[in-house]
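What follows is a short report on a single structure.
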Amino acid sequence: MRSVQEKAALQGLLRPPFTVRAQVITPLSAGGTRHLPDALVEIDRAGKLARVEAWPADSPGLAEGGVVDLRPMVVLPGLVDLHAHLPQLPNAGLGAGLDLLTWLQRYIFPLERGFNADAARRLAPLVFRSLAAAGTTTALLYGAVFEDSLDASFAAAEEHGIRLVLGKVMMDRLRYDDSIGDKEVLDASLAQSQRLIERWHGRDGGRLRYAVTPRFAVSCTFEMLRESAALAAATGAYWQTHLAEDRHEIEEVARLFPDAIDYTDVYDKAGGLGPRTILAHCVHLSDREVARLAETQTRVAHCPASNFFLSSGAMPLARYLEAGIVVGLGSDVAAGPELSIFAGMRAGAYIQSGVHTMLRDERPRLKPLDWLRLGSYEGARVLGIEQEVGSLEAGKEADFILVDPSVTAPVGRGALDQATDDPSDIISRLMYRTRDEMIRGAWVRGRRLAT
Ligand SMILES: [Zn+2]
């Protein structure tokens, strides 16, 4: 019903408070999934979920008094994208089949070199709108190296309303910024990161946060890794970087850090591991490395579409979950071709099916509702904000999306379609038949985001 009626209905939902009637599917903090085919969702003035419950049988007053009826659409928790590069969106889909280091040099570094404050002012608002249009309400992103472009990007997020963690990329070798010398870059980069933390970390009641962001071990000296980890620890900011994405990269890290036991040990020795650290990819890890990540409660951002796009490999998700590592999903744009976390769930499910079949892995395979949990609640857990967002439960902040599953019907919208009321099948269709137009709105703290 993308009609005048729908437009009018959504007009009433720009800011809290409001109450809607719709179907609800959500993971629960205590485990499992809640499905309410006909639900009442009340968002209070503060942008929190006051009530999420079955539609009361005898409530004539409610039906008439200011409730917006969105049935048969579905309300889901907002999705969490744990890994993407803000300046890279214009390159999405280009350079398939190259290995990581070649792709970075050929496509990415030239793009990031041009990401100054002006470019950020133009691009960042569009990136946030695109994320919201894809159903993402929380994003953990990398910027480029320039401090003023980070300020411009944070300002755009403040205005847009998305929940954002962002960091200035730090690099003191294999880098693209010629305006500063090799000797000065470490101190300058730390000072810039420190100032950005002071300006943005925790802003708007914690909606905006900072992640200290050394790019990866190939681009950073040991001193930069160590000092950046110390800065994150001292300020309470996150620390994010890439780990074990592809074989060439791993060989290069072994050459650059001959004293480290393995790639994970490079970050470990630098003081980088811990529950406030998010490592992207982690495709190729030994049992020792997996155990060490679990032991330190280090978080993992799984970026399956990107891993296939750059032929990086297949991350063994079930193995990590069994080890107790907290894992969420990342689009990794632009190495991932699209921002949709539903598309990420699909890529992850295909990879997992392949891994299980090829390796005769007997571990349990994720089902559609498990993928929804990974893309929402577990994403929030990776960031340590699962008390606030990630599921639709009374008392939490109202970060949610509105989805029209009829858009994913295979034939059209007629009687020939095999309709479903089963929550697992609904999510299955959203994952495997993702369409841009199925996302009809995204809200953070009950405030509708521009898409
Ligand atoms: Zn990345």
Check your understanding: Taking Cα atoms, how many degrees apart are the long axis of helix 341-359 and the longest axis of the chain, rounded to 10 and kept between 0 and 90?
Key -> 70 degrees
**Study point:** Gly161 long-range amide H proximity, modeled H, under 5 Å
**Key:** none
Point to revise | Furthest towards positive pole of dipole, Leu10, Asn307, Ser228, structure part the chain, Cβ charges | key: Leu10
Practice item. List the lysines whose Cα lies under 21 Å from the Cα of Lys396, skipping any in the same chain that are fewer than 8 positions away. Key: Lys48
Review point. On average over all directions, what projected area in square nanometres does region 176-257 have, based on the convex hull of its Cα atoms?
Key: 6.3 nm²
Practice item. Return Met431, Met358 ranked ascending by Cβ neighbour count within 10 Å, so the fewest neighbours appear first. Key: Met358, Met431
Study note, to complete from the structure: One checks the Cα atoms of region 170-320 and finds Rg and Dmax, in Å, of 15.5, 45
Revision key, fill the gap. The alpha-carbon center of region 263-310 and that of region 110-149 are separated, in whole Å, by 24 Å
Revision key, fill the gap. Longest principal axis of the chain (C-alpha) makes with the long axis of helix 247-256 (C-alpha) an angle, in degrees to the nearest 10, of 40 degrees
Check your understanding: Based on the mean of other beta carbon atoms within 10 Å per residue, what is the order of 263-271, 94-102, most packed first?
Key -> 263-271, 94-102
Exercise for review: For the chain, give the magnitude of the charge dipole about the Cα centre (Cβ charges: +1 Lys/Arg, -1 Asp/Glu; no others), in debye to the nearest 20.
Suggested key: 800 debye
Review point. Over what distance in Å are the Cα centres of region 389-439 and region 317-352 separated?
Key: 19 Å
Check your understanding: What's the exposure ranking of Arg34, Arg247, going from fewest to most Cβ atoms within 10 Å?
Key -> Arg247, Arg34
Study note, to complete from the structure: Taking a ≥ b ≥ c as the square roots of the eigenvalues of the Cα gyration tensor, with a/c under 1.5 meaning rounded and otherwise prolate when a/b exceeds b/c and oblate if not, region 8-52 is oblate
Review point. With a ≥ b ≥ c the root eigenvalues of the C-alpha gyration tensor of region 79-382, is it rounded (a/c under 1.5), prolate (a/b larger than b/c) or oblate?
Key: rounded
Point to revise | Extent along principal axes [Cα atoms of region 39-141; Å; largest to smallest] | key: 64, 31, 18
Practice item. Rounded to whole Hz and in sequence order, give me ³J(HN,Hα) for region 382-399 from the Karplus expression 6.51 cos²θ - 1.76 cosθ + 1.60, θ = phi - 60°, writing x for Gly and Pro. Key: 4, 8, x, 10, 6, 6, 9, 9, x, 8, 9, 9, 3, x, 7, 6, 7, 9
Practice item. For Ala398, enumerate residues with amide H under 5 Å from its amide H, sequence gap 5+ or separate chain, H modeled in the peptide plane. Key: Lys48, Leu49, Arg445, Gly446
Check your understanding: Calculated from DSSP H runs of 4 or more alone, at -39500 (n - 2.57) each and per residue, what is the 222 nm mean residue ellipticity of the chain, nearest 500?
Key -> -11000 deg cm²/dmol
Exercise for review: Nearest 5 is fine: what % of DSSP beta bridges in the chain come out antiparallel, could you say?
Suggested key: 45 percent
Revision key, fill the gap. Listing Phe309, Phe216, Phe109 by rising number of other beta-carbon atoms within 10 angstrom, fewest first, gives Phe109, Phe309, Phe216
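Return the loop-located trypsin sites (Lys or Arg not before Pro) in region 381-434 (DSSP other than H, G, I, E, B) with at most 12 other Cβ atoms within 10 Å of their own Cβ; answer none if there are none. Let's see the in-between values first.
On the way: sites: Arg381, Lys396, Arg413, Arg429, Arg433; in loops: Lys396, Arg413, Arg433.
Of the trypsin sites (Lys or Arg not before Pro), the ones in loops of region 381-434 whose Cβ has at most 12 other Cβ atoms within 10 Å are Arg413.
Since every read-out is calculated from the coordinates, none of them should be taken as a lab result. Note that the coordinates shown come from a computational prediction; the quantities given were computed from them, not determined experimentally. So basically every Cβ, Gly included, is an ideal-geometry build from the backbone, and we count neighbours across all protein chains shown.
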